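Let me begin by presenting the structure, written as structure tokens, before commenting on it.
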Amino acid sequence: MMIIAGPCAVESEKQLERSIKEAKKRKIDFLRTPLWKPRTKPGFDGVGEKGLRFLRKVKSEGLSPATEVITPEHAKIVIDTIPDSEVLLWIGARNQNHFVQKEIARIVAKNKKAILLIKNQPWPSKDHFLGVVAHIRETEFEDERLLLCHRGFFPVGNNRDNYRNIPDYEMAMEVKSEIGLPMLIDPSHIGGNTTNVKEVIKSASSYNFDGIMVEVHPNPPGALTDKNQQLSWEQFDSMF
């Protein structure tokens, strides 16, 4: 099972160093190292380009970084910063412009060691999720370096579990089956708080997910973004 874990966003060198130290103690395939953070309302939206040196630091410590890219320009500078290195870039739920998605894919494709992960859109639609993958495949991006991630759908109506986003495990499995690509689960953005995150991890274990993408912070109460849903590393250990 692939494990992508680490903070919601890179906040400082000290925070990253602590995250690297904890990740190295555990079997982590990719350390979350997001430099840009889309926000619903204005606030801390990431360290941006000045954090590119953090990607190099993660690599120098023997780990592989994972970071969200919002624009093709973001993808290019990430690939240029750590060329010919194992890195995971993901297209988030908010990024549903297929022209942008395809251009990001073309850029990521230039690094044969880079992996591209696609999260589902915010609204429930299997056809749309399938369509995103079809657009990416039109660029001839290699399936061997393409991953999907289920992060739930925006809640409408009854939300008895008080989740941040509503999971549809069955739809995720249908998408996985129909297009033949690995599907990961993102319990952080589904759950919205640590209690729910733990419940989602438990519930998702009944399905054939190929990995997990989870937010883990060295000091969750002090996090600048999404502090309620970020696990501590000790909580992470209890999940696996």
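The values are calculated or read from the model by the stated rules, or taken from the named source; none is laboratory data. This structure is a prediction, so every number in the text was calculated from the model and none was measured. Reconstructed Cβ throughout: ideal geometry from the backbone, glycine too, with neighbour counts over all protein chains shown.
I'm trying to understand the selection: among the residues of the stretch 143-170, which are of a type in the set (Gly, Ala, Ser) and surrounded by 13 or more Cβ atoms within 10 Å (Cβ to Cβ)?
152
Filtering the stretch 158-193 down to residues that are over 21 Å from residue 128 (Cα atoms) and over 19 Å from the mean Cα position of the chain (by Cα), which residue is modelled with the highest pLDDT?
Only one residue fits best here, namely 162.
For the stretch 1-16, name all the residues that are modelled with pLDDT of 95 or more and loosely packed, with under 14 Cβ neighbours inside 10 Å.
Correct list: 12, 13, 14.
Could you tell me whether residue 131 is within 22 Å of residue 32 (Cβ to Cβ) and not charged (D, E, K, R)?
In short, no.
Residue 109 passes all but one of (1) under 26 Å from residue 180 (Cβ atoms); (2) surrounded by 22 or more Cβ atoms within 10 Å (Cβ to Cβ); (3) aliphatic (A, V, I, L, M); which number fails?
Against the list (1) under 26 Å from residue 180 (Cβ atoms); (2) surrounded by 22 or more Cβ atoms within 10 Å (Cβ to Cβ); (3) aliphatic (A, V, I, L, M), residue 109 comes up short only on (2).
Output the residues belonging to the stretch 78-135 that are within 20 Å of residue 186 (Cβ to Cβ), modelled with pLDDT of 95 or more and among the basic types (Lys, Arg).
Of everything in the stretch 78-135, those that are within 20 Å of residue 186 (Cβ to Cβ), modelled with pLDDT of 95 or more and among the basic types (Lys, Arg) turn out to be 119, 126.
Taking the stretch 20-45, which residues are at pLDDT below 95 and either touching a Lys or Arg at 6+ places or on another chain (Cβ under 6 Å) or among the charged types (D, E, K, R) (or both)?
27, 37, 38, 39, 41, 45
Mind listing whichever residues of the stretch 72-85 are more than 30 Å from residue 165 (Cα to Cα) and surrounded by 15 or more Cβ atoms within 10 Å (Cβ to Cβ)? Let's see the steps before the verdict.
Pass one, the stretch 72-85, residues more than 30 Å from residue 165 (Cα to Cα): 76-77, 79-85.
Hits for the stretch 72-85 are 76, 77, 79, 81, 82, 85.
Listed residues 49, 11, 17, 22; which is under 17 Å from residue 71 (Cα atoms) and either in contact with a helix residue (DSSP H, G or I) (Cβ under 9 Å, 6 or more places away or on another chain) or touching a residue at least 12 places away in the same chain (Cβ under 8 Å) (or both)?
49
Filter the stretch 113-128 for residues that are more than 15 Å from the chain's Cα centre (by Cα) and either touching a residue at least 12 places away in the same chain (Cβ under 8 Å) or closer than 22 Å to residue 38 by Cβ (or both) and give the result. If you could, list the steps in order and put the result at the bottom.
Of the stretch 113-128, the ones more than 15 Å from the chain's Cα centre (by Cα) are 113, 123-128.
Within the stretch 113-128, 113, 123, 124, 125, 126, 128 qualify.
Considering the stretch 90-125 alone, what residues qualify as being hydrophobic (A, V, I, L, M, F, W, C), under 30 Å from residue 157 (Cα atoms) and assigned to a loop (DSSP other than H, G, I, E, B)?
93, 123
Regarding the stretch 162-179, can at least one residue be identified that is touching a His at 6+ places or on another chain (Cβ under 8 Å) and at positive phi?
For the stretch 162-179, residues touching a His at 6+ places or on another chain (Cβ under 8 Å) and at positive phi: absent.
Say whether the condition of being of a type outside the set (Asp, Glu), surrounded by fewer than 20 Cβ atoms within 10 Å (Cβ to Cβ), at pLDDT 95 or above and under 27 Å from residue 131 (Cα atoms) is met by at least one residue in the stretch 55-71.
Within the stretch 55-71, one or more residues are of a type outside the set (Asp, Glu), surrounded by fewer than 20 Cβ atoms within 10 Å (Cβ to Cβ), at pLDDT 95 or above and under 27 Å from residue 131 (Cα atoms).
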